[in-house]
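What follows is one structure encoded as structure tokens, with my remarks underneath.
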Amino acid sequence: MRIVAFLKKTFLENLREWKVLILTLVFAPAFVYMMFGYFEAASPAYRLLYVNHDGAAGATAGAAPADVSSEVAGLLAAWEGARHPDGKPVFVVTEVTDVPAAEAEVRARDADLLVEIPSGFSQALRDFAVGAGSDAGASPPPARLVNHADETSVRGAMAMALSDYTAFTYAGVLTQAASPLDVTLASLGSERQLSDFDLYVPALLVLALIMTLFTAATSLVKEVDRGTMMRLMLSRLRTWEFLAAITVNQVLIGLIALGLTYLAALSVGYRSDGSVAMVLLVGAVTTLGVAAIAVVTAALLRSMFELLTVGTFPFFILMFFSEVMFPLPRVRVAELAGHVLYANDVLPPTLGVRALNRVLNYGGGLSDVGFELVVMLLLTAGYFALGTWLFRRRHMRT
Amino acid sequence: MTDTRPSPVGASAVAATQPDASAAGGRDCVLRATDLVKRYGDLVAVDGLSIEVRRGEILGFLGPNGAGKTTTLKMMSGLLAPDAGSVEIDGRPVRAGALHGSASVGVAPQEIVIWDSLTCLEQLQFAGMMYDMPAAAARERATYLLEVFGLEGKARKLGKTLSGGMQRRLNIALGLVHEPEILFLDEPQAGLDPQSRVLVREYLRSLRGRMTIVVTTHDMEEADKLSDRVCVIDHGRLLVMGTVAEVKGRLGGGELFEITVDADVTEALLPFLHRLRPTCTLSADGSTLSLASTQPAEAVAEVLREVAGRGLLLVNLRARGATLEDVFIDLTGRKLRE
């Protein structure tokens, strides 16, 4: 009865302090739209410049112009036809004539790659095609391309790799030359093609849950800040009831935030292979972990001012070290029952992201995320124990 | 203003009142605090304080700022652990924190402690339910208290939207919601308008005999009107304890003489006042000398002779009943406290 009354009270307070609640509920969905826009805008269409010494200059990219050899025209068409899995072009291809100026663009990272097509490129391909088709002895020398790139730039390296791959494929098809190596793909991904945004959605869902750190800590710190902890201490409310009521409330808020974030993802075209029940289960367990960390945080703070200043540090720690914002180098700590544990797994949301990724993007079930759920629950129990001890010591001591 | 009665009077009062306090305990004592000590670093906030509270009485707990009233109240209500000494309620020792879950104690602290985002009705009902009152009973009790404290029209208003005075009344009501055996009120009248003071006072008086109330206050008039007994503490020590009449009677049998002359009393009569001090209780305020003595006629005559002998003009001479404020000032001095 007490726990229900306290749950109702905390829920009403959260509703009436709507600014924090709205921030909690809206932050992650807003991030969904923001990141969707980012991935759309930042879809890696690499800027590829080329200079053609093979045929007449002045040809424009696109349909093969009459003053460009068919081999060069074919190469340009191959680059321009290259597509990402989501159908977006891999390259934006632009012809240049001033090599030093183009190199300066690459150095300034305004362009990703400059490819120089040397004189005799087309002839070499033609010779190679004839040579490959004949029974004559030695192959003619290969056609050459020269890449001008900043290899320290990730985009430059990627553009170079993709450009080379496209050119090799094109040349192979054109010359009918046998390749000494045949690489095939054994797909480990889901049957559908996953975009970068798809892979980011689980992290955004966990971000929604991390936001409950504020509502949970607010519920706790407010009792200390306003002195009402004294009334609760004198009453029959037990510490575990107090913490349980706040935690249950946060799980409810967390699941609402999770639902809103998921809806936001669906609204921009995200589709999941996983079951909603599994998403809710992983979400609930992750929220428990966040609530436990909120108890530790609240135990160290005495006022709402402290919560809104010092209290943001745990939030950022969760946000950045749980791989919610970006992947981190993984420091292997232990292996347990065939599962590897990394250093940042000590933060339950890290495991939440991993588990949600398996459920949402790879259709994983309970058996696929059981390990993560168990470890999260163990960590949660530890954080709750530490938080309760600290909270009692700092705020409930007489 | 000048303090003409430093600590010796207080010291003698302690000696005189300790037996009085123990005697009170023999009569259905509900709360007994023995040799309480509380230190904050080098500061001794409460220094061997012993008091006993009778069942059903209203005890006024008086003392200047920093005297140790709130600290004592917290120790007696189980909210603060004493460094030494003990507290018993109904003969059961109270460890700090041990009152958790006990319905025997209610507290209305000096600062306003309410839930900002709950309505008046909700928070009173919630507070009741935290003491295992069924929801309906808690709601009924909450409604009753809202009426008693003149908040029935604000039942559905959030705590943070109430005026300061209303919040204070709600703060008191929250301490009463579970009908505790002992109610501790810390400065309940602070911030209340006269109407609210009367309302709160009358309700508290209506509880006399049914509930034991320990109330700290700076307001001597309020303490006079409300309390069955009062105690005065300073520097964490008990100075005096007794019924209001008994405490007032400490000053010249309860009668006080005010002698006004045409000069500053302290400057004009200081050596004389020092001579007079052992037999009288004296207090000077500008040109007025207040005097209480067990032999007032002789003492007043002596003063008047001195006044005449020094060529001072007697402006006024009057006798009045001693007030608690007189006793309070007499015991704790006129010097301002932080």
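The values are calculated or read from the model by the stated rules, or taken from the named source; none is laboratory data. All of these numbers come straight from a predicted model, not from anything done at the bench. Cβ: placed from backbone, ideal geometry, glycine included. Neighbour counts: every protein chain shown. Keep in mind that these areas ignore ligands, DNA and RNA; they rest on the heavy atoms of the full protein, side chains included. Shrake-Rupley method; radii C 1.70, N 1.55, O 1.52, S 1.80 Å.
Just a few scattered comments:
- Amide hydrogen proximity for A:His84: with H placed 1.01 Å from N in the peptide plane, the residues at 5 or more positions away or on another chain lying under 5 Å are A:Val90.
- Whole-Hz couplings from phi, Karplus 6.51/-1.76/1.60, listed for the range B:73-78; x for Gly and Pro: 4, 5, 5, 5, 8, x
- Antiparallel content of DSSP bridges confined to the protein assembly as shown, in %, to 5: 65
- When the convex hull of its Cα atoms is projected in every direction, mean area for the protein assembly as shown (nm²): 48.4
- Inter-label distance, A:Thr97 to A:Val4: 8.5 nm, where each label sits 7 Å from its Cα along the C-beta direction.
- Gyration tensor verdict on the range B:130-231 (Cα atoms; rounded if a/c is under 1.5, prolate if a/b is larger than b/c, oblate otherwise): oblate
- Choice from B:Leu312, B:Leu145, B:Leu251 with maximal GNM fluctuation in chain B (Cα, 10 Å cutoff): B:Leu312
- Threshold 30 Å² - residues in the range A:223-267 whose accessible area is reduced by that much or more when the chain is no longer isolated, probe 1.4 Å: A:Arg226, A:Thr228, A:Met230, A:Arg231, A:Met233, A:Leu234, A:Ser235, A:Arg236
- Rounded, prolate or oblate (a/c below 1.5 giving rounded, otherwise prolate when a/b exceeds b/c) for the range A:293-398 by Cα gyration tensor: prolate
- Pairs of Lys in the protein assembly as shown closer than 14 Å at Cα, counting only those 8 or more apart or on different chains: 5
- Its residues counted as N, the range B:252-321 yields a C-alpha radius of gyration over 2.2 N^0.38 Å of 0.97.
- Overall form of the range A:273-313 per C-alpha gyration tensor (a/c, 1.5; a/b vs b/c): prolate
- Candidates B:Met75, B:Met130, B:Met241, ranked by Gaussian network fluctuation over chain B, Cα under 10 Å, top entry: B:Met130
- In this label model, B:Ala190 and B:Glu246 are separated by 2.8 nm, measuring between points 7 Å along each Cα→Cβ vector.
- In percent, rounded to a whole number, the relative contact order of chain B is 23, using alpha-carbon pairs under 8 Å and six or more apart.
- In the calculated pair-distance distribution of chain A, the portion above 40 angstrom amounts to 38 percent of the Cα-Cα pairs.
- Rounded to 10°, Cα long-axis angle of helix A:312-321 versus longest principal axis of chain A: 40
- The distance between label points at B:Thr279 and A:Ser70 comes to 13.9 nm (points 7 Å beyond Cα on the Cα→Cβ vector).
- Comparing mean-square fluctuations of B:Lys154, B:Lys248, B:Lys38 from a GNM of chain B with C-alpha springs under 10 Å, the top value falls on B:Lys154.
- Note on chain A: helix-only mean residue ellipticity at 222 nm, from DSSP H runs of 4+ residues weighted -39500 (n - 2.57) and normalised by residue number, equals -20500 deg cm²/dmol.
- Spherically averaged projected area in nm², based on the convex hull that wraps the Cα atoms of chain B: 18.4
- With respect to chain B, whose longest principal axis is taken over its alpha-carbon atoms, helix B:194-206 is tilted by about 70°.
- Under 5 Å, built H, 5+ apart or other chain: amide partners of B:Leu238: B:Ser50
- Distance from the C-alpha centroid of the range A:250-296 to that of the range A:104-124: 48 Å, rounded to the whole angstrom.
- Residue-averaged beta-carbon neighbours from other chains (10 angstrom radius) around B:113-120: 5
- Maximal additional length on extending the B:Asp264-B:Gln295 stretch stands at 8.7 nm, based on 0.36 nm per residue less the C-alpha distance.
- Ordering A:Arg238, A:Arg231 by accessible surface, largest first, gives A:Arg238, A:Arg231; the 1.4 Å probe counts only protein heavy atoms, with every chain in place.
- Chain A: relative contact order in percent, alpha carbon pairs under 8 Å with at least 6 residues between: 19
- Computed from Cα atoms, the angle from the helix B:135-148 axis to the main principal axis of chain B rounds to 30 degrees.
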